[in-house]
1. Within the range 77-93, does at least one residue satisfy the condition of being at pLDDT below 95, polar (S, T, N, Q) and more than 16 Å from Leu116 (Cβ to Cβ)?
2. Among the numbered criteria (1) touching a residue at least 12 places away in the same chain (Cβ under 8 Å); (2) more than 16 Å from Ser20 (Cα to Cα); (3) in contact with a Lys or Arg (Cβ under 6 Å, 6 or more places away or on another chain), which one does Ile290 miss?
3. Of the numbered conditions (1) free of Cβ contacts under 8 Å to residues at least 40 places away in the same chain; (2) part of a strand (DSSP E or B); (3) not β-branched (Val, Ile, Thr), Phe198 satisfies every one except a single condition; which is it?
4. Could you please tell me which pairs satisfy a Cβ distance under 6 Å, a separation of 6+ or placement on different chains, a first residue in the range 42-64 that is closer than 20 Å to His30 by Cα, and a second residue that is among the basic types (Lys, Arg) and surrounded by fewer than 24 Cβ atoms within 10 Å (Cβ to Cβ)?
5. Take the residues of the range 303-318 that are part of a loop (DSSP other than H, G, I, E, B) and not charged (D, E, K, R): which is nearest to the chain's Cα centre (by Cα)?
6. Within the range 66-73, is even one residue open to solvent by 40 Å² or more (accessible area, probe 1.4 Å), farther than 26 Å from Thr324 by Cβ and in a loop (DSSP other than H, G, I, E, B)?
7. Which count do you get for residues in the range 330-355 that are in contact with a helix residue (DSSP H, G or I) (Cβ under 6 Å, 6 or more places away or on another chain), buried (at least 19 other Cβ atoms within 10 Å of the Cβ), in a loop (DSSP other than H, G, I, E, B) and touching a residue at least 24 places away in the same chain (Cβ under 8 Å)?
Amino acid sequence: MANTYRVLSIDGGGMRGVYSAAYLNSLASHYSKKRSIDSIDLGKAFDLITGTSTGAILACALAKKTPMAQVIKLYREHGPKIFPEKVPSNICRLLLQAPKRSRLNKKGAIALEKALSAALGDTKVIDIWKQRGIALAVPSVEMSNHRAWVFKTPHLANSKDRDGNYTLIDVCLATSAAPIFRSIAAIKNPDGEGKFAFVDGGLWANNPVLVGLIDALEMTKEGDQIEIYCMGTFPPPSGDQISQSNAHWGYAKWKFGANVPNVSITAQQYAYDNMARMLAKHVNRDVKIIRFPKGEAPPSLMNYLDLDETSTDGMDALIRQGETDSYLTFSKSGDGVDVDGKKIDELMMLAPEDTENV
């Protein structure tokens, strides 16, 4: 008998994660009312959750069943401490900030660990698998050999459980250590005396859909159905018109490195979704890739989409937009016209009720 294996894949995007948290929180609320239940355990709707950088914070929270309202609070209260000063966009600010950038990053790392501790506690990777039955996969980069590292629950056959004793805090620190924006994450080896140094998984898998697809293929058999729900963190409208005379960008045009992540995030979102869809044609599974939510940022949000944007106005605007977009998804889903919307409706109607909080 064919089974359906469901995957949630959440992109990275810095402080834009507050938009994703607000969207999920609001969407779950709409469907709870539709189903006449108090709340939905959204994490349990998926067999596997994969997330990168800020997407991993949401992924770990869903896997642990930390309320999205608490995650929104994390961004609101701790965001300005995690990013105490924005990466400079001009030479004057760069010169002023350069002597203290390391101290700012250290301060931000301490603030992030404190925020994660409040939201995720001392839960370990293995606890998610044993207590919740949810597979978890979080990309990062290990610095001693510059190789990809995916923190995983022991869900694969013959898994050696390399990562089970890492805490969810460790995992989130490791995957979100964006160069320039954040300190390198020095994480103690829970099974030894040494430490590993990690940087942001977004360097190679900001959109972790392929991580999710590969593990899903390992966990299923011929004829099974795989559904991968790919969630973005609200990338801005993309593209630059480059003339021959304007092609010689230097430090200032690239905002001293701060503009590079935005290009990478957008490029990976579209490239990896397309690669996943192309690969899906060549496997003996019925694979569906659903990208949500849909739509581009309105002009009113353009000033609030930097990865380290922590202003109150910016967070308020992103939260409002997340709630607005969740209502649009809810109103369109299930009408039978939008294929992806129909799948989201089916997912939310099948998601388990959170009976522990009833």
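1. Yes, the range 77-93 has at least one match.
2. It is condition (2) that Ile290 fails.
3. The one condition Phe198 does not meet is (1).
4. Hits for this filter: Gly43/Lys65; Phe46/Arg6.
5. Step by step, filter the range 303-318, then rank; the result is Leu307.
6. No.
7. 1
Conditions (1) in contact with a strand residue (DSSP E or B) (Cβ under 7 Å, 6 or more places away or on another chain); (2) modelled with pLDDT of 95 or more, marked per residue:
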{"residue": "Ala119", "(1), (2)": "no, yes"}
{"residue": "Lys130", "(1), (2)": "no, yes"}
{"residue": "Ile134", "(1), (2)": "yes, yes"}
{"residue": "Ile169", "(1), (2)": "no, yes"}
{"residue": "Thr175", "(1), (2)": "yes, yes"}
{"residue": "Arg182", "(1), (2)": "no, no"}
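The values are calculated or read from the model by the stated rules, or taken from the named source; none is laboratory data. Please read these numbers as outputs of a predicted model, since none were measured by experiment. When we count neighbours, we look across all protein chains shown, and the Cβ atoms used for this are built from the backbone with ideal geometry, even at glycine. Accessible surface is based on the protein model in full, side chains and every heavy atom, while ligands, DNA and RNA are left aside. Shrake-Rupley method; radii C 1.70, N 1.55, O 1.52, S 1.80 Å.
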